[in-house]
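This report concerns only the one structure given below.
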Amino acid sequence: MSEFSLSREEGIARGERALVVLPDRGDGGSGGARSVEARLEEAEGLAEAIGIDVVGRRAFRIRQPRPSTLFGKGQVEELGRLAEEHEAGLLVVDAGLSPVQQKSLEEGTKAKVIDRTGLILEIFGERAATAEGRLQVELAHLDYQAGRLVRSWTHLERQRGGFGFLGGPGETQIEADRRLIRDRMAKIRRELEQVRRTRGLHRDRRQRAPWPVIALVGYTNAGKSTLFNRLTRAEVFAEDLLFATLDPTMREVGIPGFDKAILSDTVGFVSNLPTELVAAFRATLEEVSSADLILHVRDIAHPDTDAQKADVETVLASLGLEEGQGPPRLELWNKLDLLAGDERNAVLAEAERRDDVFPISAVTGENIESLREQIGARLSKGNIVHHIRLPASEGSRLAWLHSRGEVLESRMDGECLDLAVRLSPENWTRFQSL
């Protein structure tokens with residue numbers, strides 16, 4: 001934070017030894033259809049994404065969550081013993097914790113404690129590369145941190161004698177920091193609102209320009225950035241790592257039937273994405289709603305691929321893009337290279353029966369050229385042939401037609417051109433407004 005500093009007890013050092021702990025409520029809880037082992041594995045992956053050394057992981061059955069500690073008394077004592085045995089100074093709890101629960105667990109286990117929201121915020125804070133991304137992360141973190149200020153000032157006096165209208169110095173400091181946080185959040189929101197307006201202007205310009213926009217969405221680590229690089233021949237950071245991409249990237253991509261198109265790579269989604277982050281990244285995610293086509297990249301080889309799809313759909317629905325609304329979608333069943341034998345054959349057979357999915361491997365390039373043709377066909381769906389007569393001097397409108405539509409016939413008639421052009425309904429409307 002640029003205007004003040006807090007003693008962030010949840011600050012994490014790379015290489016710090018940690019235990020990953022999952023409170024299992026027995027009904028799937030916030031993990032939905034995922035197995036306990038899959039949820040532990042994802043939590044470990046989140047921790048390792050920022051260089052934490054996970055030395056153990058454990059699930060604890062929670063029948064009745066305790067308001068003060070979440071875990072039972074005996075479980076808290078066992079957590080303390082496990083942390084000591086593994087020489088772990090950090091407990092990563094794969095659940096949301098209240099400030100009171102976090103503080104009580106730290107006192108009971110003698111270790112630092114970070115919950116799922118705090119961990120994801122740490123990852124986003126490390127990965128944000130642009131000024132906009134850093135603002136979005138800071139806003140989300142301030143929102144999260146505001147309720148935890150009391151933890152930073154427990155060493156100060158909470159009450160004092162004297163006049164009734166004077167509080168203790170600790171209380172005064174907390175109020176001062178809360179005011180600073182509120183002021184800083186208001187300033188960031190104003191800056192992000194300007195970003196939103198600027199993005200809106202850019203979207204308006206793109207819609208007037210003769211290029212369709214294709215947005216990649218998907219669960220984190222589904223292979224979006226690898227596919228982005230494969231399609232655009234770019235070198236966006238892509239690694240087998242959760243949240244390898246944070247800031248959105250746009251590049252030109254070649255699609256049959258189009259002069260060019262724009263491909264947008266977006267931040268990966270994850271189960272239980274903190275509400276603070278969804279709100280902060282709304283300006284960025286709004287790019288998806290204005291796309292001409294949404295490509296939902298799925299890791300079809302992952303055992304929880306269906307649950308991951310449901311999480312992505314939940315985030316899209318929060319943006320007003322429920323299934324069947326907004327831009328058309330195509331599911332890309334990625335990572336075919338990780339499947340073999342009957343499992344691979346079953347996936348290919350299922351994809352063959354459906355017209356809303358397309359199997360690929362972004363790593364090996366399998367079916368990528370066919371995917372380009374499929375994208376072109378989707379973008380051209382519903383196109384109608386229009387017969388247009390243009391003065392030969394109107395080169396810019398002619399270029400627009402060539403780049404946005406498919407010119408089937410062109411014939412000179414005196415000083416005019418007679419054209420037969422296949423255009424989408426949207427582009428026909430745009431052409432008429434030029």
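All of the numbers you see were taken from the coordinates with simple rules; none came from a lab. Source: prediction; values computed, not measured. Methodologically, a virtual Cβ is constructed for each residue, glycine included, from the backbone with ideal geometry; neighbour enumeration extends over all protein chains shown.
Descriptive notes on the structure:
- Net charge of neighbours whose Cβ lies under 12 Å from the Cβ of GLU406, counting Lys and Arg as +1 and Asp and Glu as -1: 0
- Shown for the range 351-420 is the translational diffusion coefficient from the Stokes-Einstein equation, using the Kirkwood radius over Cα pairs, a temperature of 4 °C and a viscosity of 1.567 mPa s: 87 µm²/s.
- Counted over the range 279-371 with a bin width of 5 Å, the fraction of Cα pairs per bin, in whole percents, is 3, 12, 21, 23, 18, 13, 7, 3, 0.
- Of GLY89, THR117, GLY72, farthest towards positive along the dipole that unit charges on Lys, Arg, Asp, Glu beta carbons give the range 17-125: GLY72
- Exposure proxy order (Cβ contacts within 10 Å, fewest to most) of MET412, MET185: MET412, MET185
- Put simply, when 131-140, 98-107, 56-65 are sorted by average Cβ atoms within 10 angstrom per residue, most first, you get 131-140, 98-107, 56-65.
- A Förster distance of 30 Å, applied to the separation of the beta-carbon atoms of THR198 and LEU338, puts the FRET efficiency at 0.15.
- ALA13-GLU84 FRET efficiency (beta carbon distance; Förster radius 25 Å; 0.05 resolution): 0.85
- Using a simple spin-label model with pseudo-atoms 7 Å out from Cα toward Cβ, ARG61 and HIS387 lie 7.7 nm apart.
- Modelled spin labels at ALA146 and ASN345, positioned 7 Å past Cα toward Cβ, are 5.8 nm from each other.
- The Cα center of the range 302-372 and the Cα center of the range 396-417 differ in position by 37 Å.
- Reduced Cα scattering model of the range 384-433, Debye log10 I(q)/I(0), q = 0.14, 0.23 Å⁻¹: -0.29, -0.80
- Semi-axes of the equivalent ellipsoid for the range 17-125, Cα gyration tensor, largest first, Å: 18, 17, 13
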